[in-house]
Each structure stands twice: as C-alpha cells, then as structure tokens.
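Take a look at the structure set out below.
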Amino acid sequence: MIHKINEASDYIKSKLDIKPDVGLILGSGLGVLAEEITNRTVIKYEDIPNFPVSTVEGHAGQFVVGHLQDKKVMAMQGRFHFYEGYDMEEIVLPVRVMYKLGIENLLVTNAAGGINRNFDPGNFMIIQDHINLMGDNPLKGENIEEFGPRFPDMSEVYNEELRELAEKIAVENKINIVKGNYVALSGPSYETPAEIRHLRTAGADAVGMSTVPETITANHMGMNILGISCITNMAAGVLPQPLDHKEVVEIAEKVKPEFSTLIKGILKEM
Ligand code: HPA
C-alpha cells in the first residue's frame, strides 16, 4: 500500500511547481469551485499511477492544483464512492497522497439529505461529528505506522477552530448555516423513511454516502479537518415526495454562488 501511495504522490509532485497547503474535496455538483483556481495544474486521475477513475455523473475525475484566495490548494474535482464498488483503500488513496505532499489541512464537502426537521434544502451544515454506518473502515488491515496509530482517537475529528471559522464566515455573508452530525451509509439506494426515523433517533442530522472514509483517514494522519454538507434535499419520508438525484444536482447548482463565497471566505482566513 505504502508503495502505491508513494508512486502516486511522486508522480503528482513531478507535475507541480508549488507545494499545496490545503486539500479540498468537492462533492456532488460542487466541483465548479475548482474552476476558480488560478495558476492551475490539472492532473487527471487516469494519468496517476495506482489511481482509480471516478464514474459517477456530475463528477469530473481530476485534481486541480493552484491558488484560491491566497492559499495554495489541491482540489479533488470528483471523488471515489463506496457505492461505485471501490475498496476503502482506493477511496482514501487521494487523501493519503495529499498528506504525502505535505498538506495538513483538509476541507471536505458533500451533498447530503436533511434528517433534522429544522433544516431546509439549500442550507449548509457544518459537520460537528459523524456516525459511520458504511459497514467498513478505511483503516482496516495492516496499520501504516508512519501515518498514525493502530487505534486512533476520534474524539475531535472535525477541528473546532475551523468549525467556528466556518460559522463566522457564513454569518458575515448571511449564508444559512446549520450544524450537526453526518451519518454515512454505503448507498447507492437512498434510505427508507423507517431508516431515516431510526437515524434521527440515533442523533443524525444529515445523511450521505461519502466523506467519512476520507475524514477517518485524515484524522488518522493528524490532519486539521473541516466538513461541510450542502443539504440538497430532505431525507426520505420527511416530506411527502420521493427522492430524485436530479433534485440533488439542481440544489447543488443553485447554491453554487453561496458555496463559493463560503469556501473562499474560509480559505482566506484559514
Ligand atoms: N441520502 C443519502 N445521500 C444523499 C442524500 C440523501 O437523502 N442526498 C444527497 N446525498
């Protein structure tokens, strides 16, 4: 594994003339932010040794490295999902590569369904904590000691200072911001109303099919993590209508300007 990670990071390093400081994972429909990166180098996943290629609609499959605000960022335009059939090791390879390239700060975004009845589609949720119900863990198997301990503490995966900063930036820009716990399921089927009632009882505020593998891995390596969910729909059974991936993409599209303001504001003061 470590050999695969090194090969991939060596290849990327050979293509870059800057050293990025912030990793940015852009979720479903939110990848457009990468278009605003200047002095950019684009590296397609398919050209990187050992990298899987992303297949889902609405996701490009590339890193965009360059400047955003005054930060040097490495953005993932498109990520790998468990429901696409990738192994956990493949899903978290990009985060490990980011760490190998010297990145210590990770900003992760996703589209999620709102479980908390006080939420509305179009809200952004600062992830306070998560519940991993994917049925797998990216740290399973032999531990890579140079990355972190066998049994990593998970008491504060999502950095408190970064969460406070995100809230401050949202308030300053009059962006609807909420806070809560993100629960990750494997997908690809959406949840049933009964599952959503169960998850609400368990303390979940939003549900999605990503992010948790990457943040478990980043936390293992001691990275500073901020997670932001775009609430693209209310979860199954909350409203009387069925769920549709189109709705997810539409809302993500609609909130693009606010999303961009929020992320750039955070980057600026990070
Ligand atoms: N459930 C799971 N994943 C999602 C949802 C949802 O309602 N919306 C966006 N991603």
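The values are calculated or read from the model by the stated rules, or taken from the named source; none is laboratory data. Since the structure is predicted, the reported quantities are computational estimates derived from the model, not experimental observations. For neighbour counting, all protein chains shown are included, and Cβ atoms are generated from backbone atoms with ideal geometry for every residue, glycine included. The area values use the complete protein model at the heavy-atom level, side chains included, leaving out ligands, DNA and RNA. Shrake-Rupley method; radii C 1.70, N 1.55, O 1.52, S 1.80 Å.
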Inter-label distance, nm, simple model (7 Å from Cα along the C-beta direction), A202/K19: 4.1
Separation of alpha-carbon centers, region 1-36 and region 54-131, rounded to whole Å: 11
Per principal axis, descending, Cα span of region 146-234 in whole Å: 42, 38, 21
Gaussian network model of the chain, springs between alpha carbon atoms under 10 Å - residue of Q69, Q128, Q241 with greatest fluctuation: Q241
Exposure rank, largest accessible area first [H3, H220; 1.4 Å]: H3, H220
Antiparallel bridges, percent of DSSP beta bridges restricted to the chain (to nearest 5): 35
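In whole percent, and with a 1.4 Å probe on the protein chains, what portion of the accessible area of the chain is carbon and sulfur?
Values: 5520 of 11690 Å².
Ligands and nucleic acids excluded, carbon and sulfur reach 47 percent.
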Nitroxide proxy distance, nm - points 7 Å out along Cα→Cβ at E160 and E35: 3.9
Helix axis angle, 256-269 relative to the chain longest principal axis, alpha carbon, degrees: 50
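Taking the alpha carbon gyration tensor of the chain, what are the square roots of 5 times its eigenvalues, largest first, to the nearest whole Å?
Values: eigenvalues 148, 90, 62 Å².
Semi-axis lengths for the chain are 27, 21, 18 Å.
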Nearby aspartates and glutamates by direct alpha-carbon distance to K19 (threshold 14 angstrom, same-chain neighbours under 8 apart not counted): D10, D70, E104
Cα gyration tensor shape for region 153-196, rounded if a/c is under 1.5, else prolate or oblate: oblate
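Calculate, for Y83 and K268, the FRET efficiency according to 1/(1 + (r/R0)^6) with r their C-beta to C-beta distance and R0 35 Å; round to the nearest 0.05. Don't skip to the end; give the middle numbers.
Values: r = 34 Å, r/R0 = 0.98.
Efficiency computed from Cβ-Cβ geometry: 0.55.
What accessible area per residue, rounded to a whole number of Å², is obtained for the chain using a probe radius of 1.4 Å?
Values: 11690 Å² over 270 residues.
Heavy-atom accessible area per residue stands at 43 Å².
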Solvent-accessible surface ranking, highest first, for D17, D120, D136 at 1.4 angstrom: D17, D120, D136
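For region 115-270, what class follows from the C-alpha gyration tensor (a ≥ b ≥ c being the square roots of its eigenvalues): rounded when a/c is under 1.5, otherwise prolate if a/b is larger than b/c, else oblate? If you can, show how the numbers build up before the last one.
On the way: a/c = 2.03, a/b = 1.16, b/c = 1.74.
It is oblate, given that a/c is not under 1.5 and a/b is not larger than b/c.
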Too-long pairs where the Cα-Cα distance tops 21 Å, listed order kept, from K174/K254; K179/K256; K72/K174; K72/K179; K100/K256; K44/K264: K72/K174; K72/K179; K100/K256; K44/K264
